Amino acid sequence: MILPESPVFGDIVVYRERGVNSGPCHLGAFGTAALIAAPTYAKALREAKRLAAIDRVDVWTGYRARWTDSAAPTFRRVAAHRPPV
């Protein structure tokens, strides 16, 4: 099975701010505007893995760029639930 190198539409992404290891973050389906706030990264990751297992999609962490940050967002896969192709 070949896994995509970045999120595809519907994958769950936990968005964190660069340089912040814990604390508030958001999660949502990649390619949509809807985000859910979470008080900590650990809680967001638990919820993301739960949703991904139900929807059979992958989970990624994405580093949200601050408004002054010109760097492109970076993603890292943390769980794979997509069925083999």
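Taken together, the values in this text are just the output of simple stated rules run on the coordinates, not laboratory data. Keep in mind the model is a prediction, meaning the values are calculated, not measured. Neighbour counts are summed over all protein chains in view; Cβ atoms, including those assigned to glycine, are modelled from backbone coordinates with ideal geometry.
Efficiency by 1/(1 + (r/R0)^6): what FRET value for residue 74 and residue 37, r their Cβ-Cβ distance, R0 = 35 Å, to the nearest 0.05? Please list the in-between numbers first.
Numbers: r = 21 Å, r/R0 = 0.61.
Calculated transfer efficiency: 0.95.
At 25 °C and 0.890 mPa s, what whole-number value in µm²/s does Stokes-Einstein give for the translational diffusion of region 12-79, with Rh from the Kirkwood sum over Cα pairs?
Values: Rh = 12.0 Å.
Here the translational diffusion coefficient equals 205 µm²/s.
Starting with the highest mean, order 45-55, 70-80 by the number of other Cβ atoms within 10 Å, averaged over the residues of each peptide.
Working: 45-55: 16.2, 70-80: 12.7.
The peptides rank, most packed first, as 45-55, 70-80.
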